[in-house]
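A quick write-up on the structure given underneath.
Nothing in this text is a laboratory measurement; each read-out follows from the coordinates by a stated rule. Because the structure is predicted, anything quoted here is derived from the model rather than measured. Cβ sites come from the backbone with ideal geometry, for glycine too, and all protein chains shown count toward neighbours.
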Amino acid sequence: MAKPAMSVPLSYIARNLWARRLTTTLTAGGLALVVFVFATVLMLDAGLKRTLITTGEYDNLVVIRKGAETEIQSGISRDQAGIIETHPAVAIGAGGARMASKETVVLISLLRRGDEKPSNVIIRGTTDMGFTLRPQVRLAAGRTFTPGTSEIVVGRSIAARFDNTAIGDRLYFAQRGWTVVGTFDAGGSGFDSEIWGDAEQLMQSFRRTAYSSIVARLADSALFERFKADIDTDPRLAQEMKREQVFYSDQSQALSTFINVLGLTLSAIFSIGAMIGAMITMYASVATRVGEIGTLRALGFRRRAVLGAYLLEAVLLGLVGGVAGLLLASLMQFASFSTTNFQTFADLSFGFILTPGIAVKTLIFAVAMAVAGGFLPAVRAARLNIVDALRAV
Amino acid sequence: MSSTLCQAVTLVHLSKLILKNALRHKLRTGLTVVGLVIAVLAYGLLQTVVDAWYAGAQAASNARLVTRNAISLVFFLPVSYEARIRGVEGVTAVARSNWFGGIYQEPKKFFAQFAVSDNYLDLYPEFVLSEPERQAWQRDRKGCLVGRQLADLYGFKVGDVLPLRGTIYPGTWEFVVRGIFDGSDSTKITRQMMFHWDYLNETLRKTAKRRAEQVGVYVLGIDHPENAAAITRAVDAMFKNSLAETLTETEQAFQLGFVAMSNEIIAAIRLVSYVVILIIMVVMANTMAMSARERTAEYATLKTLGFGPVFIALLIFGESLAICGIGGGLGLLATPPAAAMFKHFAGTYFPVFKVSGLTFGLQAACAVAVGVAAAIVPAVHASRVRIVEGLRAIG
């Protein structure tokens, strides 16, 4: 005999789902689709964040003109650059060189493969020090550009998506042909969506006299505040500085908020559809098993046990949908996403990243949807009168 | 036998039976209808969001050309190009425009600001400005004009001082609102501000000499839209191999270039708008599958009486379409008020948010598609069921 406090066996609950395979599949399918949208949005945001965090080194600084939001809008004249570069807070590297790279950053329009509309791509004029300061940037193929020549190297995402960017190809802009001599891999950071060349050569051909930004390594992390204060107060300068990581994450704030707000609003609206699906299924599951519920109650199972059994059935349903949706979403890791960052106006490419945190959140979301849908039916099942229920068949 | 019976049962009887069937499980049908309303509504709004993205390009004209630096928009063109462009046959007017990109209070409060030459408004008949206001603007070097949508958004009135923090052009800039222009109709975007190009240029002459005498884009008025291609070629050929090569295109193509930058976001929204239809299709299929299974014995009874498989299938398709018709209809009805509400909350991002006729059509088509798709499996199953087995079946 069943003890009064016993709960309904899990195998009974699972078999109920199995017995009505078509309905279970359809309901779980609905849940899975919502879960897919939800997980994909979180993965996209995680991808964007990771791209921008790996773009910055903690002890690197970016100096740009006050008021400018991005490197593109900024300007630093040569004499100002000299003052900033020689500040004692800038680290001294091998051979006594100052660990600072004076860079020029502009946008050029390039055609994406299979697209007749051009996209804006960041082209960065840099120096050898620019590579040293960003250890995540490694040459993947070919060689780096020779200073003083019209040679360029392209980031991995650029090489994969834009026309005329293979090694040996020539790009034409600013009245010159530029030969692609190498491809670099920036470890998934934002630099993967950039083209690099020699700063002085690019400035000449773009007829610019001012740099866009200075990237520098701090000699000691503690010197940050002092360096910042010195730049702010020096009357010859009109620049401001940020840690590189902060600089890049600020630049993606708008895009990240946009992805989150849009994605989560959609998930919330869609989840109503899936919850209704779960509710319909669970109501039907109760309605067709009134006799069984009566029998269970007659055997000594309490109302609470019946309620628990139905909620557990909903949880199982949610898990099936959640796992299916998550598997579907995990396939998105092979895809990449690229769009124009509203703030920099340049093309940025990033991936979908599935983290354990996202997997847990997604499963919780799936179970919550199923339980929300299954709650009212479960209450109805628990409140059935034994005699009526047994008479129902 | 079956065909005669089918004819005997009139359409009225059939629809009565369908309606009775649909209402048998009121809760289930009600829930399904609610789901359909939400799905059709969400689909409609998402389609409208995509449309809103293209609103700028839709409003752009084919009778205006935009000439910019061929490298990218970051680079300028010399002001001396203006006279040479005006000399091209077919060009009737040339106006200057520089993107200012200033920040009003905080970066979130983004709106477009242009430094424009005085003849700019002549090229934009869709921006309606009263003559006294136009004169007041022309007399005030620091004066600016704001569009109606922008004025409503932040409460700008004529005479207000509008401070902007420059990002491209450093410093704090103050403008005095001298006029508010309206769009000629509701599809025109007037969420922008414009001020004198000369004011910008004169300030730059004093503060950053190298950056003065530079124009962001030239807007060209042309005599006939069909001459656009020839004029485009003539202008670009004139500046070929110069320090600043040009790229000329119609204003519409120019605007579409901006839309194309968010291609993948738009594609994702489009995709997702079909996912919601897929979700409701699954829910609806489930409803129909459950209903049909519970009635297996009834279908067998009908067959015993001589009704054919077509009749059974019609019953199921009819019920599915009836539910989808009600849900889809309610969803369609709810779309305009929902769009108005959406515009109220997200108007800053989408100045034009209007549900198009095409969207309504697509919504209706989706509802019908859901109804048909959901009924296929149960209908085939029920029409095939053998009488003996069917009669033995229990719900």
Where does the charge balance sit around A:Val290 when Lys and Arg score +1, Asp and Glu -1, over other residues with C-beta under 14 Å from its C-beta?
+2
Could you please report the charge total around B:Asn227, scoring K, R as +1 and D, E as -1 over all other residues with beta-carbon less than 13 angstrom from its beta-carbon?
-1
Candidate aspartates and glutamates for bridging to B:Lys16, where Cα separation is under 12 Å - those fewer than 8 sequence places away on the same chain excluded
B:Glu319
In Å and whole numbers, how far do the C-alpha atoms of the range B:94-172 stretch along each principal axis, longest first?
32, 28, 22
Output needed for the range B:115-216: three equivalent-ellipsoid semi-axes, defined as square roots of 5 times the C-alpha gyration tensor eigenvalues, in descending order, whole Å.
24, 15, 13
Of the listed pairs A:Lys117/B:Lys188; A:Lys49/B:Lys108; B:Lys188/B:Lys343; A:Lys228/B:Lys209, those with alpha carbons more than 18 Å apart are A:Lys117/B:Lys188; A:Lys49/B:Lys108; A:Lys228/B:Lys209
Could you compute the net charge surrounding B:Pro132? Neighbours are other residues with a C-beta less than 12 Å from the C-beta of B:Pro132; K and R count +1, D and E count -1.
+1
Provide the packing ranking of A:108-118, B:210-220, B:41-51, i.e. peptides ordered by the mean count of other C-beta atoms within 10 Å per residue, highest first.
B:41-51, B:210-220, A:108-118
Most to least packed among A:80-89, B:27-36 [average Cβ atoms within 10 Å]
B:27-36, A:80-89
Per residue of B:274-281, other chain Cβ atoms within 10 Å number on average 6
Using θ = phi - 60° and the Karplus curve 6.51 cos²θ - 1.76 cosθ + 1.60, what whole-Hz ³J(HN,Hα) does each residue of the range A:50-57 get, with Gly and Pro shown as x?
5, 4, 7, 5, 6, 5, x, 9
Alpha-carbon gyration tensor eigenvalues x 5, square-rooted, for the range B:231-297, Å
57, 10, 6
Averaged over residues of A:335-346, the number of beta carbons from other chains lying within 10 Å of each residue's Cβ is 3
Can you quote the Å³ per residue value for the convex hull of the Cα atoms in the range B:275-384, rounded to an integer?
99 Å³
In nm, give the distance between the simple-model label positions of A:Arg138 and A:Arg113, each being 7 Å from the Cα along the Cα-to-Cβ direction.
2.3 nm
Rounded to whole Hz, the Karplus (6.51, -1.76, 1.60) HN-Hα couplings of the range A:166-173, x for glycine and proline
7, 4, x, 6, 10, 9, 10, 7
Place a +1 charge on the Cβ of each Lys and Arg in chain B and a -1 charge on the Cβ of each Asp and Glu, then give the dipole magnitude about the Cα centre in debye, rounded to the nearest 20.
1240 debye
Apply the Karplus parameterisation 6.51 cos²θ - 1.76 cosθ + 1.60, with θ equal to phi minus 60°, to every residue of the range A:344-358 and state each ³J(HN,Hα) to the nearest whole Hz, in sequence, with x for glycine and proline.
8, 6, 10, 5, 9, 10, 8, x, 9, 10, 9, 9, x, x, 5
Radius of gyration and Dmax over the Cα atoms of the range B:14-59, both given in Å
17.8, 51
Across peptide A:253-259, what mean number of C-beta atoms from other chains lies inside 10 Å of a residue's C-beta?
2
The range B:322-395: trypsin sites (Lys or Arg not before Pro) in DSSP loop, at most 12 other beta carbons within 10 Å
B:Arg386
Long-range tail of P(r) for chain A (Cα pairs > 27 Å, %):
61 percent
Provide the FRET efficiency to the nearest 0.05 for the B:Asp236-B:Arg141 pair, computing r from the beta carbons and using R0 = 25 Å.
0.15
So for the protein assembly as shown, what percent of the C-alpha to C-alpha distances run longer than 54 Å?
27 percent
Sequence gap at least 6, Cα distance under 8 Å: using those rules, report the relative contact order of chain A to the nearest whole percent.
29 percent
Roughly how many whole Å is it from the C-alpha centroid of the range A:58-86 to that of the range B:290-328?
73 Å
Please enumerate, by chain and number, the aspartates and glutamates with C-alpha under 18 Å from the C-alpha of B:Lys240, excluding those fewer than 8 residues away in the same chain.
B:Glu82, B:Glu89, B:Glu249
A:Ala97 label point, 7 Å along Cα→Cβ, cut-off 14 Å on backbone N: hits in the range A:168-204?
A:198-200
Could you tell me which of B:Trp99, B:Ile85, B:Gln135 has its Cα farthest along the dipole of the range B:60-150 towards the positive end, charges placed at Cβ (Lys, Arg +1; Asp, Glu -1), taken about the Cα centre?
B:Trp99
The size of the Cβ-based charge dipole (Lys, Arg +1; Asp, Glu -1) of the range A:77-178 about the Cα centre, to the nearest 20 debye, is 200 debye
